[in-house]
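Shown next, in C-alpha coordinates, is the structure this report addresses.
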Amino acid sequence: MPFGQLVIGSPGSGKTTYCHGMYQFLKALGRPVKVVNLDPANVNLPYPCHVDLNQLITVKDVMEEYELGPNAAMIYCVEYLEKNLDWLMQRLFKNKVGKEGGRAEEEGEEVERGMEYLLFDLPGQVELSTNHPSLRRIVSRLGKELDLRLVAVHLTDASHITDASRYVSLLLLALRAMLTLELPHINVLSKVDLLGDRASSGELSFNLDFYTQVQDLSYLENLLQQDGGRRNPKFASLNRTICEIVEDYGLVQFETLSVEDKRSMFRLLQMLDKAVGYVYEEEGDGLLDEHGQEIQGRFEPGHPISTAAGGASASALFSVADRGLPPGWGDPLEVQERWVDHRKEWDEWEGEQKLEQEEKRWEGKVWDQIRKVTQEEKKKEEEERTA
(Lines give C-alpha, C1' and ligand atoms only; values in the text may rest on other atoms or scores of the structure.)
Protein backbone atom coordinates (compact mmCIF):
# COMPACT_ATOMS: atom_id res chain seq x y z
CA MET A 1 0.00 0.00 0.00
CA PRO A 2 1.64 3.28 -1.07
CA PHE A 3 1.72 6.28 1.24
CA GLY A 4 2.64 9.89 0.71
CA GLN A 5 2.51 13.56 1.62
CA LEU A 6 0.55 16.26 -0.18
CA VAL A 7 2.64 19.38 0.38
CA ILE A 8 0.54 22.54 0.09
CA GLY A 9 0.94 26.14 1.19
CA SER A 10 1.03 29.73 0.02
CA PRO A 11 3.89 31.04 -2.16
CA GLY A 12 7.12 31.44 -0.23
CA SER A 13 6.18 29.00 2.51
CA GLY A 14 9.04 26.65 1.56
CA LYS A 15 7.26 23.75 -0.17
CA THR A 16 10.03 22.89 -2.63
CA THR A 17 12.70 23.34 0.04
CA TYR A 18 10.69 21.07 2.33
CA CYS A 19 10.32 18.39 -0.35
CA HIS A 20 14.05 18.47 -1.02
CA GLY A 21 14.91 18.32 2.68
CA MET A 22 12.36 15.59 3.41
CA TYR A 23 13.63 13.58 0.43
CA GLN A 24 17.18 13.70 1.77
CA PHE A 25 16.01 12.94 5.31
CA LEU A 26 13.94 9.91 4.26
CA LYS A 27 16.80 8.63 2.13
CA ALA A 28 19.08 8.82 5.16
CA LEU A 29 16.51 6.80 7.11
CA GLY A 30 16.37 4.16 4.38
CA ARG A 31 12.80 4.81 3.29
CA PRO A 32 12.09 4.34 -0.47
CA VAL A 33 10.90 7.86 -1.33
CA LYS A 34 9.96 9.54 -4.62
CA VAL A 35 9.14 13.19 -5.31
CA VAL A 36 6.36 14.17 -7.72
CA ASN A 37 6.30 17.75 -9.00
CA LEU A 38 2.72 18.90 -9.67
CA ASP A 39 3.67 22.56 -10.05
CA PRO A 40 3.66 23.35 -13.80
CA ALA A 41 5.39 26.68 -13.12
CA ASN A 42 8.34 25.18 -11.22
CA VAL A 43 11.03 24.20 -13.70
CA ASN A 44 14.13 24.53 -11.48
CA LEU A 45 13.84 21.52 -9.22
CA PRO A 46 16.52 20.90 -6.58
CA TYR A 47 15.42 17.32 -5.94
CA PRO A 48 15.44 14.22 -8.18
CA CYS A 49 11.99 14.25 -9.75
CA HIS A 50 10.14 10.98 -10.31
CA VAL A 51 7.23 12.50 -12.24
CA ASP A 52 7.19 16.11 -13.48
CA LEU A 53 3.94 17.76 -14.57
CA ASN A 54 5.96 20.06 -16.83
CA GLN A 55 6.31 17.10 -19.19
CA LEU A 56 2.54 17.17 -19.69
CA ILE A 57 1.72 20.87 -19.52
CA THR A 58 3.35 24.12 -18.38
CA VAL A 59 1.99 27.45 -17.21
CA LYS A 60 4.15 29.28 -19.73
CA ASP A 61 2.65 27.39 -22.69
CA VAL A 62 -0.91 27.95 -21.45
CA MET A 63 -0.32 31.67 -20.95
CA GLU A 64 1.07 32.03 -24.47
CA GLU A 65 -1.58 29.92 -26.20
CA TYR A 66 -4.71 31.16 -24.40
CA GLU A 67 -3.50 34.62 -23.33
CA LEU A 68 -4.25 33.95 -19.66
CA GLY A 69 -2.67 35.38 -16.54
CA PRO A 70 -0.49 33.21 -14.29
CA ASN A 71 -3.27 32.33 -11.80
CA ALA A 72 -5.81 31.41 -14.49
CA ALA A 73 -3.14 29.44 -16.34
CA MET A 74 -2.29 27.51 -13.17
CA ILE A 75 -5.95 26.57 -12.62
CA TYR A 76 -6.18 25.50 -16.27
CA CYS A 77 -3.14 23.24 -15.80
CA VAL A 78 -4.62 21.55 -12.74
CA GLU A 79 -7.94 21.02 -14.52
CA TYR A 80 -6.02 19.59 -17.48
CA LEU A 81 -4.23 17.21 -15.13
CA GLU A 82 -7.59 16.12 -13.72
CA LYS A 83 -8.85 15.32 -17.22
CA ASN A 84 -5.62 13.43 -18.00
CA LEU A 85 -5.03 11.82 -14.62
CA ASP A 86 -4.28 8.48 -16.27
CA TRP A 87 -1.04 10.06 -17.49
CA LEU A 88 0.03 10.60 -13.86
CA MET A 89 -1.17 7.25 -12.54
CA GLN A 90 0.65 5.33 -15.26
CA ARG A 91 3.93 7.01 -14.32
CA LEU A 92 3.73 6.97 -10.53
CA PHE A 93 4.73 3.33 -10.14
CA LYS A 94 6.55 2.65 -13.42
CA ASN A 95 9.28 5.26 -13.73
CA LYS A 96 12.62 5.04 -12.03
CA VAL A 97 13.77 7.73 -9.66
CA GLY A 98 15.67 10.35 -11.63
CA LYS A 99 19.12 11.64 -10.77
CA GLU A 100 19.67 14.86 -8.85
CA GLY A 101 18.04 17.65 -10.82
CA GLY A 102 17.18 15.23 -13.63
CA ARG A 103 14.04 13.96 -15.28
CA ALA A 104 12.01 10.91 -14.41
CA GLU A 105 13.23 8.91 -17.43
CA GLU A 106 16.84 9.02 -16.30
CA GLU A 107 18.30 5.92 -14.81
CA GLY A 108 17.87 5.53 -11.07
CA GLU A 109 16.84 3.00 -8.46
CA GLU A 110 13.88 0.66 -8.66
CA VAL A 111 11.32 0.61 -5.84
CA GLU A 112 9.15 -2.43 -5.16
CA ARG A 113 5.45 -1.91 -5.83
CA GLY A 114 3.56 -1.20 -2.62
CA MET A 115 6.63 0.14 -0.80
CA GLU A 116 6.52 3.62 -2.33
CA TYR A 117 6.45 6.77 -0.25
CA LEU A 118 5.55 9.77 -2.40
CA LEU A 119 6.06 13.50 -1.86
CA PHE A 120 3.72 15.64 -3.97
CA ASP A 121 5.03 19.18 -4.48
CA LEU A 122 1.95 21.34 -5.16
CA PRO A 123 1.65 24.87 -6.59
CA GLY A 124 1.42 27.86 -4.28
CA GLN A 125 -2.03 29.04 -5.43
CA VAL A 126 -4.06 28.62 -2.24
CA GLU A 127 -7.40 28.50 -4.09
CA LEU A 128 -6.44 25.03 -5.35
CA SER A 129 -6.64 23.63 -1.81
CA THR A 130 -9.38 25.91 -0.45
CA ASN A 131 -11.93 26.60 -3.19
CA HIS A 132 -11.28 24.85 -6.49
CA PRO A 133 -12.53 21.24 -6.57
CA SER A 134 -10.00 19.77 -9.03
CA LEU A 135 -7.28 18.98 -6.49
CA ARG A 136 -9.75 17.30 -4.15
CA ARG A 137 -11.08 15.16 -7.00
CA ILE A 138 -7.54 14.24 -8.05
CA VAL A 139 -6.65 13.16 -4.52
CA SER A 140 -9.89 11.22 -4.19
CA ARG A 141 -9.30 9.32 -7.41
CA LEU A 142 -5.70 8.50 -6.49
CA GLY A 143 -6.96 7.08 -3.21
CA LYS A 144 -9.69 4.98 -4.82
CA GLU A 145 -7.84 3.65 -7.86
CA LEU A 146 -4.30 3.36 -6.49
CA ASP A 147 -5.12 2.81 -2.82
CA LEU A 148 -2.83 5.75 -2.08
CA ARG A 149 -2.94 7.07 1.49
CA LEU A 150 -2.02 10.74 1.70
CA VAL A 151 -1.52 13.20 4.54
CA ALA A 152 -1.72 16.92 3.79
CA VAL A 153 1.25 18.99 4.97
CA HIS A 154 0.14 22.62 5.00
CA LEU A 155 3.19 24.87 5.25
CA THR A 156 2.94 28.46 6.44
CA ASP A 157 5.77 30.94 6.87
CA ALA A 158 6.19 31.44 10.63
CA SER A 159 6.81 35.16 10.13
CA HIS A 160 3.06 35.65 9.58
CA ILE A 161 2.34 35.12 13.27
CA THR A 162 4.06 38.42 14.09
CA ASP A 163 1.04 40.29 12.69
CA ALA A 164 -2.36 39.60 14.31
CA SER A 165 -4.46 40.08 11.18
CA ARG A 166 -2.16 37.90 9.07
CA TYR A 167 -2.27 35.24 11.77
CA VAL A 168 -6.07 35.24 11.65
CA SER A 169 -5.91 34.95 7.87
CA LEU A 170 -3.68 31.90 8.00
CA LEU A 171 -6.00 30.32 10.59
CA LEU A 172 -8.92 30.71 8.20
CA LEU A 173 -6.80 29.44 5.31
CA ALA A 174 -5.74 26.35 7.27
CA LEU A 175 -9.31 25.60 8.36
CA ARG A 176 -10.63 25.99 4.83
CA ALA A 177 -7.98 23.65 3.41
CA MET A 178 -8.73 21.03 6.07
CA LEU A 179 -12.44 21.08 5.28
CA THR A 180 -11.92 21.08 1.51
CA LEU A 181 -9.31 18.34 1.06
CA GLU A 182 -10.80 15.96 3.65
CA LEU A 183 -7.42 14.36 4.34
CA PRO A 184 -5.37 13.72 7.49
CA HIS A 185 -3.92 17.18 7.94
CA ILE A 186 -0.89 18.66 9.69
CA ASN A 187 -0.46 22.45 9.72
CA VAL A 188 3.17 23.50 9.96
CA LEU A 189 4.84 26.81 10.80
CA SER A 190 7.91 26.59 8.60
CA LYS A 191 11.12 28.63 8.84
CA VAL A 192 10.72 28.82 12.60
CA ASP A 193 14.49 29.13 12.87
CA LEU A 194 14.18 32.62 11.33
CA LEU A 195 11.61 33.77 13.87
CA GLY A 196 14.21 34.94 16.37
CA ASP A 197 15.04 38.03 14.33
CA ARG A 198 11.41 39.16 14.46
CA ALA A 199 11.05 38.36 18.16
CA SER A 200 14.18 40.31 19.08
CA SER A 201 12.61 43.45 17.59
CA GLY A 202 9.44 43.01 19.66
CA GLU A 203 7.18 41.80 16.85
CA LEU A 204 6.14 38.59 18.64
CA SER A 205 3.34 39.62 21.01
CA PHE A 206 2.85 36.22 22.72
CA ASN A 207 4.83 33.09 23.42
CA LEU A 208 5.02 30.55 20.64
CA ASP A 209 2.60 28.12 22.30
CA PHE A 210 -0.22 30.66 21.95
CA TYR A 211 0.13 30.57 18.17
CA THR A 212 0.62 26.81 17.82
CA GLN A 213 -2.12 25.57 20.15
CA VAL A 214 -4.82 28.06 19.01
CA GLN A 215 -6.75 27.85 22.27
CA ASP A 216 -8.01 31.31 23.22
CA LEU A 217 -7.98 33.82 20.40
CA SER A 218 -9.75 36.51 22.44
CA TYR A 219 -6.29 37.72 23.49
CA LEU A 220 -5.85 39.02 19.95
CA GLU A 221 -8.65 41.55 20.38
CA ASN A 222 -6.48 44.51 21.34
CA LEU A 223 -4.04 43.82 18.52
CA LEU A 224 -6.87 43.46 16.02
CA GLN A 225 -8.40 46.74 17.16
CA GLN A 226 -5.09 48.43 16.52
CA ASP A 227 -5.01 46.97 13.02
CA GLY A 228 -8.64 47.89 12.49
CA GLY A 229 -7.99 51.47 13.52
CA ARG A 230 -5.32 51.76 10.86
CA ARG A 231 -7.49 50.29 8.12
CA ASN A 232 -11.25 50.14 8.63
CA PRO A 233 -13.53 50.24 11.70
CA LYS A 234 -15.16 46.97 10.62
CA PHE A 235 -11.87 45.17 10.09
CA ALA A 236 -11.38 44.17 13.74
CA SER A 237 -14.98 42.96 13.99
CA LEU A 238 -14.49 40.76 10.92
CA ASN A 239 -11.34 39.23 12.39
CA ARG A 240 -13.08 38.55 15.72
CA THR A 241 -15.84 36.72 13.87
CA ILE A 242 -13.27 34.63 12.00
CA CYS A 243 -11.58 33.77 15.30
CA GLU A 244 -14.90 32.59 16.72
CA ILE A 245 -15.46 30.36 13.69
CA VAL A 246 -11.98 28.84 14.02
CA GLU A 247 -12.49 28.21 17.75
CA ASP A 248 -15.94 26.67 17.16
CA TYR A 249 -14.48 24.10 14.77
CA GLY A 250 -11.53 23.39 17.08
CA LEU A 251 -9.50 21.74 14.31
CA VAL A 252 -6.57 24.06 13.69
CA GLN A 253 -3.24 23.61 15.45
CA PHE A 254 0.32 23.99 14.25
CA GLU A 255 3.54 22.08 14.39
CA THR A 256 6.85 23.88 14.01
CA LEU A 257 9.61 23.08 11.56
CA SER A 258 13.18 23.98 10.79
CA VAL A 259 14.15 21.99 7.71
CA GLU A 260 17.86 22.09 8.52
CA ASP A 261 17.34 20.66 12.02
CA LYS A 262 17.12 16.86 11.95
CA ARG A 263 15.35 16.70 15.33
CA SER A 264 12.62 19.00 14.07
CA MET A 265 12.29 16.96 10.87
CA PHE A 266 12.18 13.67 12.76
CA ARG A 267 9.41 14.83 15.07
CA LEU A 268 7.31 16.11 12.18
CA LEU A 269 7.85 12.87 10.24
CA GLN A 270 6.62 10.85 13.21
CA MET A 271 3.55 13.07 13.46
CA LEU A 272 2.85 12.55 9.76
CA ASP A 273 3.36 8.78 10.01
CA LYS A 274 0.91 8.60 12.90
CA ALA A 275 -1.65 10.73 11.05
CA VAL A 276 -1.61 8.57 7.91
CA GLY A 277 -1.07 5.18 9.59
CA TYR A 278 2.44 4.49 8.27
CA VAL A 279 3.68 2.09 10.97
CA TYR A 280 5.16 -1.36 11.19
CA GLU A 281 4.97 -4.28 13.56
CA GLU A 282 8.17 -5.97 14.66
CA GLU A 283 8.35 -9.75 14.67
CA GLY A 284 8.03 -11.53 17.99
CA ASP A 285 11.19 -12.27 19.90
CA GLY A 286 9.96 -15.45 21.57
CA LEU A 287 8.76 -13.79 24.78
CA LEU A 288 5.37 -14.74 26.19
CA ASP A 289 2.90 -12.65 28.14
CA GLU A 290 0.88 -13.72 31.18
CA HIS A 291 -1.61 -15.54 28.94
CA GLY A 292 1.03 -17.58 27.16
CA GLN A 293 0.77 -15.59 23.95
CA GLU A 294 3.84 -14.45 22.06
CA ILE A 295 4.68 -10.78 22.52
CA GLN A 296 4.74 -9.20 19.09
CA GLY A 297 7.27 -6.52 19.94
CA ARG A 298 7.05 -2.75 19.69
CA PHE A 299 4.97 -0.73 17.26
CA GLU A 300 6.95 2.04 15.63
CA PRO A 301 6.20 4.60 12.92
CA GLY A 302 8.38 5.34 9.95
CA HIS A 303 10.03 2.06 8.98
CA PRO A 304 10.31 0.76 5.38
CA ILE A 305 8.82 -2.60 6.40
CA SER A 306 5.49 -1.09 7.26
CA THR A 307 1.82 -0.96 6.47
CA ALA A 308 3.00 -0.29 2.92
CA ALA A 309 3.72 -4.02 2.71
CA GLY A 310 0.78 -5.08 4.86
CA GLY A 311 2.97 -5.63 7.90
CA ALA A 312 0.92 -3.83 10.55
CA SER A 313 -2.24 -5.14 12.16
CA ALA A 314 -5.13 -3.13 13.56
CA SER A 315 -3.54 -3.57 16.99
CA ALA A 316 -0.35 -1.93 15.73
CA LEU A 317 -2.25 1.01 14.31
CA PHE A 318 -4.15 1.67 17.51
CA SER A 319 -1.03 1.20 19.62
CA VAL A 320 0.85 3.86 17.67
CA ALA A 321 -2.13 6.21 17.74
CA ASP A 322 -2.20 5.95 21.55
CA ARG A 323 1.50 6.53 22.25
CA GLY A 324 1.41 10.29 22.73
CA LEU A 325 3.71 12.88 21.25
CA PRO A 326 7.05 11.86 19.68
CA PRO A 327 10.39 13.17 20.96
CA GLY A 328 12.39 16.02 19.43
CA TRP A 329 12.01 19.75 19.03
CA GLY A 330 8.24 19.88 19.27
CA ASP A 331 7.12 21.44 22.51
CA PRO A 332 6.47 25.12 21.72
CA LEU A 333 8.39 26.31 24.77
CA GLU A 334 11.42 24.24 23.78
CA VAL A 335 11.21 25.53 20.21
CA GLN A 336 10.96 29.08 21.48
CA GLU A 337 13.99 28.64 23.70
CA ARG A 338 16.00 27.08 20.86
CA TRP A 339 15.08 29.33 17.96
CA VAL A 340 13.66 32.53 19.48
CA ASP A 341 14.92 33.37 22.96
CA HIS A 342 18.39 31.82 23.03
CA ARG A 343 19.22 30.95 19.45
CA LYS A 344 22.72 32.42 19.56
CA GLU A 345 23.67 30.45 22.68
CA TRP A 346 22.27 27.22 21.22
CA ASP A 347 24.08 27.76 17.93
CA GLU A 348 27.36 28.25 19.79
CA TRP A 349 26.80 25.15 21.93
CA GLU A 350 25.89 22.98 18.94
CA GLY A 351 28.93 24.34 17.10
CA GLU A 352 31.14 23.29 19.99
CA GLN A 353 29.52 19.86 20.05
CA LYS A 354 30.10 19.37 16.33
CA LEU A 355 33.71 20.48 16.73
CA GLU A 356 34.26 17.98 19.55
CA GLN A 357 32.69 15.19 17.50
CA GLU A 358 34.86 16.09 14.53
CA GLU A 359 37.97 16.07 16.71
CA LYS A 360 37.03 12.67 18.14
CA ARG A 361 36.41 11.35 14.65
CA TRP A 362 39.83 12.49 13.44
CA GLU A 363 41.45 11.19 16.61
CA GLY A 364 39.84 7.81 15.96
CA LYS A 365 41.17 7.82 12.40
CA VAL A 366 44.67 8.63 13.65
CA TRP A 367 44.60 5.81 16.19
CA ASP A 368 43.25 3.42 13.55
CA GLN A 369 46.16 4.33 11.30
CA ILE A 370 48.63 3.86 14.18
CA ARG A 371 47.18 0.42 14.93
CA LYS A 372 47.37 -0.49 11.27
CA VAL A 373 51.03 0.53 11.01
CA THR A 374 51.84 -1.29 14.25
CA GLN A 375 50.20 -4.48 13.02
CA GLU A 376 52.07 -4.27 9.73
CA GLU A 377 55.40 -3.85 11.58
CA LYS A 378 54.63 -6.83 13.82
CA LYS A 379 53.73 -8.88 10.78
CA LYS A 380 57.02 -7.99 9.09
CA GLU A 381 59.00 -8.90 12.23
CA GLU A 382 57.29 -12.29 12.40
CA GLU A 383 57.99 -12.92 8.73
CA GLU A 384 61.67 -12.05 9.27
CA ARG A 385 61.88 -14.40 12.23
CA THR A 386 60.33 -17.29 10.33
CA ALA A 387 62.59 -16.60 7.37
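The values are calculated or read from the model by the stated rules, or taken from the named source; none is laboratory data. Note that the structure is a prediction, hence the values are computed from the model and not measured. Neighbour counts run over all protein chains shown; Cβ positions are idealised from the backbone, glycine included. These area figures cover heavy atoms from the full protein model, side chains too; ligands, DNA and RNA do not enter into them. Shrake-Rupley method; radii C 1.70, N 1.55, O 1.52, S 1.80 Å.
Once fully extended, how much extra length lies between residue 55 and residue 86, figured as 0.36 nm per residue of separation less the alpha-carbon to alpha-carbon distance?
9.8 nm
What residues qualify as long-range amide H neighbours of residue 259, i.e. H under 5 Å apart, gap of 5 or more or another chain, H built at 1.01 Å from N?
Counting only residues 5 or more places away or on other chains, the set is 191.
Along Cα→Cβ, 7 Å out, is where each label goes; now give me the distance between the ones at residue 359 and residue 71 in nm to one decimal.
5.7
Which pairs, out of 144/262; 27/60; 191/262; 27/262; 60/191, put more than 22 Å between their alpha-carbon atoms?
144/262; 27/60; 60/191
Ordering 75, 370 from largest to smallest accessible area (1.4 angstrom probe), what's the sequence?
Sorted by accessible area, descending: 370, 75.
Select from segment 110-194 those GluC sites (Glu not before Pro) which occupy a DSSP coil region and have at most 12 other Cβ atoms within 10 Å, ordered by residue number.
Counting only loop positions with at most 12 other Cβ atoms within 10 Å, the GluC sites (Glu not before Pro) in segment 110-194 are 110, 112, 182.
Apply the Karplus parameterisation 6.51 cos²θ - 1.76 cosθ + 1.60, with θ equal to phi minus 60°, to every residue of segment 257-271 and state each ³J(HN,Hα) to the nearest whole Hz, in sequence, with x for glycine and proline.
With the stated coefficients, segment 257-271 comes to 8, 10, 4, 7, 9, 5, 5, 5, 5, 5, 5, 4, 4, 5, 5 Hz.
For segment 25-99 and segment 342-387, what is the separation of their C-alpha centers, rounded to whole Å?
Cα centroid to Cα centroid, the span is 47 Å.
Determine, from the Cβ-Cβ distance of residue 349 and residue 203 and an R0 of 30 Å, the FRET efficiency 1/(1 + (r/R0)^6), rounded to the nearest 0.05.
Computed FRET efficiency for residue 349 and residue 203 comes out at 0.70.
Taking amide H positions as placed in the peptide plane 1.01 Å from N, state which residues far from residue 152 in sequence (5 or more) or on other chains have amide H under 5 Å from it.
Residues meeting the amide H criterion: 6, 185, 186.
Taking H placed 1.01 Å from N in the peptide plane, check which residues at least 5 places from residue 157 or on another chain put their amide H under 5 Å from its amide H.
It is 190, by chain and number.
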